[in-house]
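Reviewing the structure listed below.
The values are calculated or read from the model by the stated rules, or taken from the named source; none is laboratory data. This one's a predicted model, so the numbers in the text were calculated from it and none came from an experiment. Virtual Cβ from ideal backbone geometry, glycine too; neighbours counted across all protein chains shown. Accessible surface areas use protein heavy atoms only, side chains included; no ligands, DNA or RNA. Shrake-Rupley method; radii C 1.70, N 1.55, O 1.52, S 1.80 Å.
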Amino acid sequence: MMRVSSARIALCVISALVLVYLILPVLIIAPISFSSARFLTFPPPSLSLRWYQSYFSNPAWMQATRVTLTVAFLTVVIATPCGVAAAYAISQSKLRIMRIIHMALLLPLVVPIIITAIGIFFVYARVGLVATMPGLVLANVMLGLPYVVISVLAGLQSFDAAQEMVARSLGMNRLRSFFAVTLPQIKSSVVAGGIFAFISAMDETIVALFISGGQYQPLTKRMFTALRDEIDPTIAAISTLMTAASFMLVLLASARQRRNS
Amino acid sequence: MLALVSPALLVILALIVLPVGWLAWQSIYHDGFTLENYRRVFTEDIYWRSFALTFEISLAVTVIALLLGYPVAYLANSVPKGWSILILSLVVLPFWTSVLVRAYAWLALLQRTGVINQFLRYLDVISEPLALVHNTLGTVVATVHILLPFMVLPLYATMQKIPGDLMQAGASLGASPSLTFFRVFLPLSLPGVLAGCTMVFVLCLGFYITPELLGGGRTVMVSMLVSRNVELYNQFGAASAVAVVLLASVLVIFFIVSRFISLDRVLGQK
């Protein structure tokens, strides 16, 4: 039998407290969103759906939601094939320069996002992409690429490249053998990478603060501005919906990745 | 093969390499070459204080995250598999909630009429609400919350690779559990400590949303200095110089750390 020492008990208590600190803020949002009170009172005096109603009936919030979903969808559609192609090339090629390219593709994770944001703002200001949909999508494609590349590279690592050679020796060209042999086997990591790119585009705030405007403002930018001015419980409702959506996507992505490994 | 990477590479070149290059150029060129922007960054009080504050906050956040994260990673490493999956899931759960959502949650918890103040008043512990937010305290509490997973994951990954035999060997040689921990386990977990601390420190240096929303305008971190120079004062040169100094600090830190551990280890967790 393992003797339970006092050090062990202390360890468990400290860890439990840290976990409460991590989880509590995530859980507190939902009850606030269902509260009927105009100002924050806890526990809520009574339950109501008024903040969800205020979200769904507000044209500005709805427009921002459409922008967010459109941007996230287009980001995935563009970033996924670009990322898959890049990851495939990095894993197959023995060229020296590929290592540098690989590092370059991970730059969005290294450069502090505020620097990326104002840098893009200056470039967009010159070419007229500020406050446009293509500008917003392109920026999110750049930010989402590393997630696709990392996920697909991990998938390709467990894939035996000899299989594709076999297909090619049997007369398939490179493109066909990729789609017929390789892609089906790394499908899960491709989907997972795409989902991460989607979530990243849905949550992106700082770049949007600088480069979006007019009717093309995503949800996060409007939320940020609203939070700076006053704490409107409508944001709790939006937050609850956003959290639920990203949890569902993450579960989906990790289920796929697990099936893959 | 180069053709396959070119779309991705083009996007990266156009949207991160070019913009950052532009910033660097703009910081030294304005109707002719000038180092005026850098002179201001290094001599003027506001800039200097903001950089000092940012480094102080980042250091504090890193130390607190290490102190909170180490026990959790240690526990997750020392319990049966099912429990460690549960602990790690709880750690990464907030990871997948938007940073904005969490800023809102902390405002709801910490403000004058927030959950914590109301609860403490209900218990009669305090008579006046405590100032928990719109100051440095609120910024640190929320920032640690956001960055803690970046500390726990590399720590756990490193701890998992430490062979359990070594602890048993220590114990069989008569060392107490605390002695084996400090002489065997802790030193072996140091690469994880370094990886976690680097990630947390570097991410904290560039934090924007949390200090902006929870700092109450008084905690001006470097990122806010950058954005204010652009948005309020149209000081593009000054903003660029600040950004370049911030980026240089981050790259220097990564470079120094890469001499000790592989950078994949640091970045792999993100």
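Expressed in nm², what is the orientationally averaged projection area of the convex hull enclosing the Cα positions of the range A:155-261?
So the Cα hull casts an average projection of 9.5 nm².
Can you find, among A:Ile101, B:Thr43, B:Leu109, the residue sitting farthest towards the positive end of the charge dipole of the protein assembly as shown, where Lys and Arg contribute +1 and Asp and Glu -1 at Cβ? After comparing all options, I get A:Ile101. Charge dipole of the range A:150-207 (Cα centre as origin; +1 on each Lys and Arg Cβ, -1 on each Asp and Glu Cβ, all else neutral): 340 debye, rounded to the nearest 20.
Scoring A:113-126, A:162-175, A:15-28, B:25-38 by mean Cβ neighbours within 10 Å over their residues and listing the highest first yields A:113-126, A:15-28, B:25-38, A:162-175. Reducing the range B:169-236 and the range A:145-169 to their Cα centroids gives an inter-centroid distance of 34 Å. With a Förster radius of 30 Å applied to the beta-carbon distance between B:Leu137 and B:Trp83, the computed FRET efficiency rounds to 0.35.
Rank B:Phe182, A:Phe224, A:Phe159 by accessible area, highest first, at a 1.4 Å probe radius?
These residues rank, largest area first, as B:Phe182, A:Phe159, A:Phe224.
Here the peptides B:194-202, B:211-219, A:48-56 are ranked by packing, the mean other Cβ count within 10 Å, and the order with the highest first is B:194-202, B:211-219, A:48-56. The 3J(HN,Hα) values that the Karplus relation (6.51, -1.76, 1.60; θ = phi - 60°) gives for the range B:198-204 are, in residue order, 4, 4, 5, 4, 5, 5, 5 Hz. Gly and Pro appear as x. Quote the relative contact order of chain B in percent (integer), defining contacts as alpha-carbon pairs under 8 Å separated by 6+ residues. RCO, chain B: 27 percent.
Per-residue shielding of B:17-25, expressed as the average number of other chain Cβ atoms within 10 Å of the residue Cβ, stands at 5. Peptides B:89-96, A:84-91, ordered by how many other C-beta atoms sit within 10 Å of their residues on average, highest first, read A:84-91, B:89-96. Just how many pairs of Lys in the protein assembly as shown have C-alpha atoms closer than 27 Å, counting pairs that are eight or more places apart or on different chains? Taking the protein assembly as shown as the scope, the lysine pair count is 7.
At 222 nm, what helix-only mean residue ellipticity would the protein assembly as shown give, in deg cm²/dmol to the nearest 500, using -39500 (n - 2.57) for each DSSP H run of four or more?
-24500 deg cm²/dmol
Taking B:Gly164, B:Gly174, B:Gly69 as the candidate residues, the one with maximal mean-square fluctuation in a Gaussian network model of chain B, Cα springs under 10 Å, is B:Gly174. Only Lys, Arg, Asp and Glu carry charge here, each on its Cβ (+1 for the first two, -1 for the last two); on that basis chain A has a dipole of about 640 debye about its Cα centre. Each of B:Phe150, B:Ala169, B:Leu13 was placed along the dipole of the protein assembly as shown (beta-carbon charges, centred on the mean Cα), and the one lying farthest toward the positive end is B:Ala169. Each residue, B:Asp124 and A:Leu95, gets one label point 7 Å from its Cα in the Cβ direction; the gap between the two is 7.6 nm. For chain A, averaging the sequence separation of C-alpha pairs within contact (under 8 Å, six or more residues apart) and dividing by the residue count gives a relative contact order of 29 percent.
Mind checking the full-extension length gain between A:Gln185 and A:Tyr21? Use 0.36 nm per residue of separation minus the Cα-Cα distance, one decimal, nm.
Using 0.36 nm per residue and subtracting the Cα-Cα distance, I get 55.0 nm.
Cβ-Cβ distance of A:Val166 and B:Phe260, R₀ of 45 Å, FRET efficiency by 1/(1 + (r/R0)^6): the value works out to about 0.60. Chains A and B together bury roughly 6900 Å² of accessible area, counting both sides, with a 1.4 Å probe on protein heavy atoms only. Within the range B:39-152, all pairs of alpha-carbon atoms sorted by distance into 10 Å bins from zero give the percentages 13, 29, 31, 21, 5, 1. Using only Cα coordinates, the Kirkwood hydrodynamic radius of the range B:130-270 works out to 17.6 Å. Note on A:Phe247: accessible area is roughly 50 Å² with a 1.4 Å probe, heavy atoms of protein only. When the Cα positions of A:Ala37, A:Ala139, A:Phe56 are compared along the charge dipole of chain A, A:Ala139 comes out farthest toward the positive end, with charges on each C-beta of Lys, Arg, Asp and Glu. About the centre of its Cα atoms, the protein assembly as shown shows a dipole size close to 1140 debye [charges on the beta carbon of Lys, Arg (+1) and Asp, Glu (-1) only; nearest 20 debye]. The mean sequence separation of alpha-carbon pairs under 8 Å and at least six residues apart, normalised by the residue count of the range A:155-261, gives a relative contact order of 36 percent.
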